[in-house]
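The values are calculated or read from the model by the stated rules, or taken from the named source; none is laboratory data. Bear in mind the structure is a predicted one, so any value in this text is a computation, not a measurement. Every residue, glycine among them, receives a Cβ derived from its backbone with ideal geometry; neighbour counts consider all protein chains shown. What goes into the accessible areas is simple: the full protein's heavy atoms, side chains included, and nothing from ligands, DNA or RNA. Shrake-Rupley method; radii C 1.70, N 1.55, O 1.52, S 1.80 Å.
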Amino acid sequence: EELYADRLVEQYEVLAYHFSKAEEPTKAVEYLVKAGDKAIGAFALLEAATLYQQALALVGDGSPAQRAEILRRLASVASRSGDLDASLRYAEAALGLSEKIGDKRGALDAHMHLQMLYSGGFWDGAREDNALRHLEAAAALSEADPDTAEKGLVYQRTGHLYLHRGQPATTLVWAQRAIDLFGRIKVPMGTSLGTALTYAGRLDEGITYNEKNWPGVLASSNYLVMVVLGHELSLTLALTRDVRRATEFGERALAEVTKVTKGHPAWESHLRRPLTLAHALSGEILKANEHCEAVEGYEATRLFACFFQDAGAVGFHYLRRGEWARARDYLASRLSAFQDRHNVSAVLGCSFFLGWLNLEEGNHAEAGELLSRSLEICRNGGNVLFELWVLPVLAELSLKMGQPDKAAEQVARGFELLKPDQNWYGLPAPMYLARGMLAAASKRWDEGEKSFAEAVAINRRSQLPWDEARTLFEWGLLHLARGEAADLEAARTKLDGALEIFRRVDAKKDVEKVLAVKNRCG
């Protein structure tokens, strides 16, 4: 210590060794921890873990604060090394000690580490309900503290995790708390407010908020923030059925993220899932295939980080293409995984698309169970945006099951959500399709034709070819059911239009369905 006082850092390991042999544990622990910190700086994670473990072995039970601090260091090293089970054990032990001695700072750090572990990544132990529990505990601990960016980030992270839990209405509360705090300390920081607003049905307000944040995020070159915002904005644009903006922004965001992350597939997959959904909606099959294959390739080894309803995007793509067995295998496996993780938003997406698949296959009881579960998640969490995906499919199921009154309630609910003072992009088209099918089933022919015409017009404006073809097909069925003099020719025209589009977007099962009807009617 005396000889190397001016460059002591070079001697941490030597001093740690000799103080250990000299049975001076206080000094030995001091230098073991310093040597471990030095190893961390050199990315020597295994060496750092060994040094911290040696320090922990020398710290007696009479120094709980010091033990907790070393345990937190071990938790961090284990996490960075990929041993998340060990990281969990160390962090939980650190939390227990910190709480026992009333160390609020230590408890807060342990809670934040635990929420990070439980929030996802590629760990089989990810449990997002546990993550939320630790985040809310951290928020409660810091509530009486002065405003800091760190405290605001706890609020921000809590709001984001409520999106994972399928509760955008609660996200709005936490995001606003974060915004208010950041405003008081004059820190420019985005939050999950824009995404939550979009899910809550305030589409333009939410999308505009996220779009305004994007240039600043891009300028920062912070790949993590780029990935999160790029993912959320491209997904919400796809879910509004604004496929032109979804694909244009999503492809740009993917290119920017790829430049910063050097093409790391874990981060790219965040952008590729919503792009799979958007290109499937737009009928750009080659692009949808490209992103779909990339996502499946990466997910074959791990499920990484943020998943919302795009967890089912690959299954949706296969559903649209008529590859129903592949869609079922994918969606069933992902549904099981996300149920284990308690990621409610991902469960919502997988349940919905799997329910839709069962409807197409004629498994009405299973479809009803899955779609009803999806609707319940939407309503419990205030997710207006995705409820407008679920309701028209549920209405179609009700009609197939001979329950027109129930279908009428579901259609009425959808149009109640579509408030006239807002831009709803392509979302009203499926509701008009459902209304047209309900009218046709009740032999209200003129109302059915009017609804189908409105759906076709919206789908054409929004560049949604499969949805346009589906509407033309149902319109053709209306003509056949009415059976007046001019209806046969009108039905043929509508069915031919549907067939041409279904072939163009490679919707195999739908092509078969149209051909079967055409053969019956000559």
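See the values below:
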{"item": "Any hit, region 421-436, residues being within 30 Å of residue 203 (Cα to Cα), open to solvent by less than 50 Å² (accessible area, probe 1.4 Å), at pLDDT 95 or above and over 28 Å from the mean Cα position of the chain (by Cα)", "result": "yes"}
{"item": "Residue ID - nearest to residue 160 (Cα to Cα), chosen from residues in region 337-381 that are open to solvent by less than 10 Å² (accessible area, probe 1.4 Å), under 17 Å from the mean Cα position of the chain (by Cα) and among the small types (Gly, Ala, Ser)", "result": "345"}
{"item": "Residue within region 20-39 that is out of contact with any Ser or Thr (no Cβ under 6 Å at 6 or more places or on another chain), β-branched (Val, Ile, Thr) and without any contact (Cβ under 8 Å) to a residue 12 or more places away in the chain present", "result": "yes"}
{"item": "Some residue of region 303-316 being at positive phi and touching a residue at least 24 places away in the same chain (Cβ under 8 Å)", "result": "yes"}
{"item": "Residues within region 468-510 that are of a type in the set (Asp, Glu) and free of Cβ contacts under 8 Å to residues at least 40 places away in the same chain, tallied", "result": "6"}
{"item": "Residues located in region 278-290, provided they are of a type outside the set (Asp, Glu) and either closer than 12 Å to residue 238 by Cβ or buried (at least 17 other Cβ atoms within 10 Å of the Cβ) (or both)", "result": "278, 279, 280, 281, 282, 283, 285, 287, 288"}
{"item": "Any hit, region 48-57, residues being among the small types (Gly, Ala, Ser), closer than 30 Å to residue 139 by Cα, surrounded by 21 or more Cβ atoms within 10 Å (Cβ to Cβ) and under 27 Å from the mean Cα position of the chain (by Cα)", "result": "no"}
{"item": "Matching entry among 78, 126 (being in contact with a Gly (Cβ under 7 Å, 6 or more places away or on another chain) and open to solvent by less than 20 Å² (accessible area, probe 1.4 Å))", "result": "126"}
{"item": "Matching entry among 237, 275, 229 (being of a type outside the set (Phe, Trp, Tyr), farther than 16 Å from residue 313 by Cβ and buried (at least 19 other Cβ atoms within 10 Å of the Cβ))", "result": "229"}
{"item": "Whichever residue in region 389-420 is in contact (Cβ under 8 Å) with a residue 40 or more places away in the chain and within 24 Å of the chain's Cα centre (by Cα) and, among such residues, is surrounded by the most Cβ atoms within 10 Å (Cβ to Cβ)", "result": "391"}
{"item": "Condition broken by residue 262, with the remaining ones in (1) free of Cβ contacts under 8 Å to residues at least 40 places away in the same chain; (2) crowded, with 24+ Cβ neighbours inside 10 Å; (3) of a type outside the set (A, V, I, L, M) satisfied", "result": "(2)"}
{"item": "Filter pass, residue 170 being β-branched (Val, Ile, Thr), buried (at least 23 other Cβ atoms within 10 Å of the Cβ) and in a helix (DSSP H, G or I)", "result": "no"}
